[in-house]
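Below is one structure, written out as structure tokens; comments come after it.
The values are calculated or read from the model by the stated rules, or taken from the named source; none is laboratory data. Every value quoted in this text rests on a predicted model; they were computed, and no experiment measured them. Cβ: placed from backbone, ideal geometry, glycine included. Neighbour counts: every protein chain shown. For accessibility, only protein heavy atoms count, side chains too; no ligands or nucleic acids. Shrake-Rupley method; radii C 1.70, N 1.55, O 1.52, S 1.80 Å.
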Amino acid sequence: MAPPARPGDAAYANIEKVNAELFTLTYGAVVRQLLTDLEDINEVNKQLDTMGYNIGIRLIDEFLAKANISRCTDFKETADVIAKVGLKMFLGVTGTVANWNQDNTECSLILDDNPLVDFVELPETCQGLLYCNILCGVIRGALEMVSMKTEARFVRDVLRGDEAYEIRLKLLEHLPEVLPYKDDD
Amino acid sequence: MSQVYNLFVINKSGGLIYYKDFGSTAKLDTNNSLQLASVWHSLHAISMEFSPVPDCTGIEFLEADNFDLHCFQTLTGTKFFVVTETGAVGIDGLLRVVYELYADYVLKNPFYEVEMPIRCELFDYHLSNHIRGGKDRPTGGSFR
């Protein structure tokens, strides 16, 4: 019996696929090159985040165009859509949302599986490296384009010996929808 | 397929980033197309402010004696609108397809600067194909 359809499945079926190994190895090459060029692990983490941001601000439109999503009513729904539809669509995996804070402005996206790290072992010399930091940037960039200023960072990472990947996502503010049209501007 | 006269894309700050006419009926020169785009952007914004009910997302459809105007605003604030013959059908679907083409052939082009005027031949090509032929529905990147 086929498992029941989940929200991300339709979007996933709709989108063009590319060989996972090609994707994973390409990403690995990018990270290696950054390490060579920047020679500093913190700089690499920062650069990966920036690269992700630049991807995210463009990727959001593809997501909206192809996933048939309507406007989310609150940040809770947004986090759910990222975990169930967004990650599925672009990464082929789904995450779970957990650990909400009291005001529902902060949560964790937990990934058990992550194709980016299929062949990766972090050497001793790269202990501070947030190998998948690009994902944080992507989420931050994408949300900024739909009026949400957020902060995303890895708090758990399998490469560093944790059980799962955990991205802590924090909503800083809702940006105004339209430009401020004031007469005195 | 209904006759589409022209297509406009406006970025979120109200600048015209793409204009194309199809056929000879409603051609506009650059100045007029810019004017029309900024007027539409403002009208759209005003309509949201004036709406008596909350959460209005602006004008989607304008009907005149000799043309229809269909507008689609994405959640990121980009507006796509087309001017068509009166009574044209299936235009909402067309605008969704144009959005997909924009996501694929404009935003994925690494040399396209976000929010800037669109000069992408692939976008032109697929757009014309779709509007003139009513086929060639895009399914994503070009790994074929």
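Which of the residues spanning segment A:11-22 are away from chain B (no Cβ under 12 Å) and open to solvent by less than 70 Å² (accessible area, probe 1.4 Å)? If the condition is that a residue be away from chain B (no Cβ under 12 Å) and open to solvent by less than 70 Å² (accessible area, probe 1.4 Å), then A:ALA20 is the only one that fits. Would you confirm whether any residue within segment A:65-80 is among the charged types (D, E, K, R) and at pLDDT below 90? Yes, the conditions are met somewhere in segment A:65-80.
At least 2 residues being touching a strand residue (DSSP E or B) at 6+ places or on another chain (Cβ under 8 Å) and open to solvent by 30 Å² or more (accessible area, probe 1.4 Å) is the threshold, and among the strands (runs of 3 or more DSSP E) wholly inside segment A:90-185 those reaching it are A:96-98, A:148-156, A:165-174.
Just one of the listed residues (A:LEU35, A:LEU25) is open to solvent by less than 50 Å² (accessible area, probe 1.4 Å), over 20 Å from A:ASP80 (Cβ atoms) and in contact (Cβ under 8 Å) with a residue 40 or more places away in the chain, namely A:LEU35.
Residue check: is A:VAL44 open to solvent by less than 20 Å² (accessible area, probe 1.4 Å) and either without any contact (Cβ under 8 Å) to a residue 60 or more places away in the chain or touching a Leu at 6+ places or on another chain (Cβ under 7 Å) (or both)? Show your work before the answer.
Working: open to solvent by less than 20 Å² (accessible area, probe 1.4 Å): yes; either without any contact (Cβ under 8 Å) to a residue 60 or more places away in the chain or touching a Leu at 6+ places or on another chain (Cβ under 7 Å) (or both): yes.
Criteria met by A:VAL44.
Scanning segment B:97-124 for residues that are of a type in the set (Phe, Trp, Tyr) and in contact (Cβ under 8 Å) with a residue 12 or more places away in the chain yields a count of 4. The one condition from (1) open to solvent by 70 Å² or more (accessible area, probe 1.4 Å); (2) away from chain A (no Cβ under 14 Å) that B:LEU7 does not meet is (1).
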